[in-house]
1. Name every residue in region 93-115 that is in contact with a strand residue (DSSP E or B) (Cβ under 8 Å, 6 or more places away or on another chain), in a strand (DSSP E or B) and over 9 Å from Glu6 (Cβ atoms), in order of residue number.
2. Condition check: of a type in the set (Ser, Thr, Tyr), open to solvent by less than 20 Å² (accessible area, probe 1.4 Å) and within 12 Å of Val48 (Cβ to Cβ). Does Tyr97 satisfy that?
3. Restricted to region 74-92, and to residues that are in a helix (DSSP H, G or I) and more than 18 Å from Gly8 (Cβ to Cβ), which residue is most open to solvent (accessible area, probe 1.4 Å)?
4. Among the strands (runs of 3 or more DSSP E) contained in region 1-73, which hold 2 or more residues that are open to solvent by 30 Å² or more (accessible area, probe 1.4 Å)?
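The values are calculated or read from the model by the stated rules, or taken from the named source; none is laboratory data. Everything numeric in this text was worked out from a predicted model, so none of it was measured. So basically every Cβ, Gly included, is an ideal-geometry build from the backbone, and we count neighbours across all protein chains shown. Protein only, heavy atoms only, side chains kept; ligands, DNA and RNA dropped before computing areas. Shrake-Rupley method; radii C 1.70, N 1.55, O 1.52, S 1.80 Å.
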Amino acid sequence: QVQLVESGGGLVQPGGSLTLSCVVSGSIFNIYTMAWYRQAPAKQRELVATITPTYSRNYADSVKGRFTISRDNTKRTVYLQMNSLKPEDTAVYYCTYNEATTNYWGQGTQVTVSS
């Protein structure tokens, strides 16, 4: 049974930092592209960052230069380091990957950026 479990969210002041983690179980982790999405209240879910099995990274324009996605295949974990956080980064953050015709998602972790 595939499971993705996110952690690391919380309340942070503008300009602060957080690191999110997503542990994957029940799957061959190191062969899939992993992604972080986020969904703010009353908005559509949007792609934040992706990382391929060969560590190629892509980012949404809104987070370039502030967020860093990484992975540790030995720990079956994908990370999202978030710096210089802004109130507009407030959202529930989800990790996900696609295996054949199935998209697997975690339960999400709330990030709130507020003074």
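1. From region 93-115, those in contact with a strand residue (DSSP E or B) (Cβ under 8 Å, 6 or more places away or on another chain) are 93-98, 103-114; that's our starting set.
Right, trim to in a strand (DSSP E or B) and you get 93-98, 103-105, 109-113.
Within region 93-115, Thr96, Tyr97, Asn98, Asn103, Tyr104, Trp105, Gln110, Val111, Thr112, Val113 qualify.
2. Numbers: of a type in the set (Ser, Thr, Tyr): yes; open to solvent by less than 20 Å² (accessible area, probe 1.4 Å): yes; within 12 Å of Val48 (Cβ to Cβ): no.
No; evaluated as a whole, the condition is false for this residue.
3. Step one: of region 74-92, the residues in a helix (DSSP H, G or I) are 87-89.
Now narrow it down to the ones that are more than 18 Å from Gly8 (Cβ to Cβ): 87-88.
Details: Pro87: 71, Glu88: 123 Å².
Filtering region 74-92 for residues that are in a helix (DSSP H, G or I) and more than 18 Å from Gly8 (Cβ to Cβ), the one most open to solvent (accessible area, probe 1.4 Å) comes out as Glu88.
4. Numbers: elements: 3-7, 10-12, 18-25, 34-39, 46-51, 57-59, 67-72.
Because the criterion is at least 2 residues that are open to solvent by 30 Å² or more (accessible area, probe 1.4 Å), the strands (runs of 3 or more DSSP E) in region 1-73 that meet it are 3-7, 18-25, 34-39, 46-51, 57-59, 67-72.
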